[in-house]
Amino acid sequence: QVQLVESGGGLVQPGGSLRLSCAASGNSFSSYAMGWYRQAPGKQRERVATITSGGFTNYVDSVKGRFTISRDNAKNTLYLQMNSQKPEDTAVYYCNILYRTSGWGQGTQVTVSS
């Protein structure tokens, strides 16, 4: 089973940027569509960005134009570049194989605050 480890979170001021990374184990990463998800306190986890094995991307409306999902299959790594961050982006961010309901990692905390 592919295991995932997220990193890159932290505290950022409104308008700032962060880049999250998701390191995947195994040798089948390139064949999977992947997603970035987030869960804010007291809210359900939501999917914010997806990327297919061929590189096609999709975003939830609230992050369109601000977030960019990408992947480096040679490094078995998924990325999420987050720009123009807002306080409502504060959440724990997770990556996972698209539509997989198990195998969640620890996530990485992103806090947007002045």
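The values are calculated or read from the model by the stated rules, or taken from the named source; none is laboratory data. Keep in mind that this is a model prediction, so the values were computed, not measured. Here Cβ is always computed from backbone atoms with ideal geometry, including for glycine, and neighbour counts include all displayed protein chains. Each accessible area value is taken on the protein alone, full model and side chains, heavy atoms only, with ligands, DNA and RNA left out. Shrake-Rupley method; radii C 1.70, N 1.55, O 1.52, S 1.80 Å.
Summary table below
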| item | result |
| --- | --- |
| Rounded to 5, the percent of DSSP beta bridges in the chain classed as antiparallel | 90 percent |
| Largest to smallest accessible area among Ser21, Ser113 [probe 1.4 Å] | Ser113, Ser21 |
| Solvent-accessible ranking of Asp72, Asp61, largest area first, probe 1.4 Å | Asp61, Asp72 |
| 3J(HN,Hα) from dihedral phi, the range 50-58, Karplus parametrisation 6.51/-1.76/1.60, rounded to Hz, x for glycine, proline | 9, 9, 7, 4, x, x, 6, 10, 8 |
| Placed amide H near Gly105: partners under 5 Å, 5+ positions off or other chain | Cys95 |
| GNM result for the chain, Cα springs below 10 Å: residue of Gln44, Gln13, Gln85 fluctuating most strongly | Gln44 |
| Extension gain, Ser25 back to Ser114 (0.36 nm per residue minus Cα-Cα distance, nm) | 28.5 nm |
| Most mobile of Pro14, Pro87, Pro41 in a GNM of the chain (Cα contacts under 10 Å) | Pro41 |
| Modelled label reach - Glu88, point 7 Å along Cα→Cβ, the range 36-78 residues with backbone N closer than 17 Å | 38-49, 59-67 |
| Additional length obtainable on full extension of the chain from Ala33 to Ser7, 0.36 nm per residue less Cα span | 7.4 nm |
| Extent along principal axes [Cα atoms of the chain; Å; largest to smallest] | 41, 25, 22 |
